[in-house]
Amino acid sequence: MSDAARLRAQRSAAEYLRQLLLKPGRYRDTWQRHVARPRDDVINQLAIAEVIAGHLRSVGGRPGESQMTPYQLRDVVSGALSGGQLSTTALELFINAFAFSEDEAGRLRRLAAGSSRIGVMSGTRAVPLGA
């Protein structure tokens, strides 16, 4: 995959990830618990990092991961949500920390891998990507 195609794939996956985190329901409720004054239209990146850090503490994992602080995860969260640096590892952190459904996790992985058969819909007049 070319660098341009990889960046498009990361941005598509990041857009879908942001949609999942902003949609009313369990995922948004999970990170908004860590925000003093939550706003439904703005993702608080430090709150997302809090959720991921909490997940890492609860599952252990590789040495050092269970001691990671939200501040240490800020760049990972920012890069993932912007689509500029959405690595497979970062994507899996989000998928596991928020316990995305199998369908949602699969769609995120396919988008990040560059699947052109999946569109990210947004708004009332959205068109599938690549259309």
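The values are calculated or read from the model by the stated rules, or taken from the named source; none is laboratory data. Nothing here was measured: the structure is a model prediction, and the numbers come from that model. A quick note on method: Cβ atoms are made from the backbone with ideal geometry, for glycine too, and the neighbour counts reach across all protein chains shown.
Listed by first and then second residue, the pairs linking a residue in segment 12-28 that is within 14 Å of Leu111 (Cα to Cα) and among the hydroxyl-bearing types (Ser, Thr, Tyr) to a residue that is surrounded by fewer than 21 Cβ atoms within 10 Å (Cβ to Cβ) and modelled with pLDDT under 95, with Cβ atoms under 7 Å apart and 6 or more places separating them unless they lie on different chains, are Ser12/Val120; Ser12/Leu129; Tyr16/Val120.
Taking the criterion of being of a type in the set (D, E, K, R), loosely packed, with under 14 Cβ neighbours inside 10 Å and part of a helix (DSSP H, G or I), would at least one residue in segment 64-75 satisfy it? Yes, some residue in segment 64-75 is of a type in the set (D, E, K, R), loosely packed, with under 14 Cβ neighbours inside 10 Å and part of a helix (DSSP H, G or I).
Got a sec? Which of Gly64, Gly79 is over 30 Å from Gly114 (Cβ atoms) and either modelled with pLDDT of 95 or more or not acidic (Asp, Glu) (or both)? Give the derivation first.
On the way: Gly79 fails: over 30 Å from Gly114 (Cβ atoms).
Being over 30 Å from Gly114 (Cβ atoms) and either modelled with pLDDT of 95 or more or not acidic (Asp, Glu) (or both) holds for just one of Gly64, Gly79, which is Gly64.
Every test in (1) surrounded by fewer than 15 Cβ atoms within 10 Å (Cβ to Cβ); (2) of a type in the set (D, E, K, R); (3) not in a loop (DSSP other than H, G, I, E, B) is passed by Asp40 save one, and that test is (3). You will find that of Tyr71, Tyr16, Tyr27, the residue that is among the aromatic types (Phe, Trp, Tyr) and touching a Phe, Trp or Tyr at 6+ places or on another chain (Cβ under 8 Å) is Tyr27 and no other. Which of the residues spanning segment 81-105 are loosely packed, with under 13 Cβ neighbours inside 10 Å and β-branched (Val, Ile, Thr)? Within segment 81-105, Thr88, Thr89 qualify.
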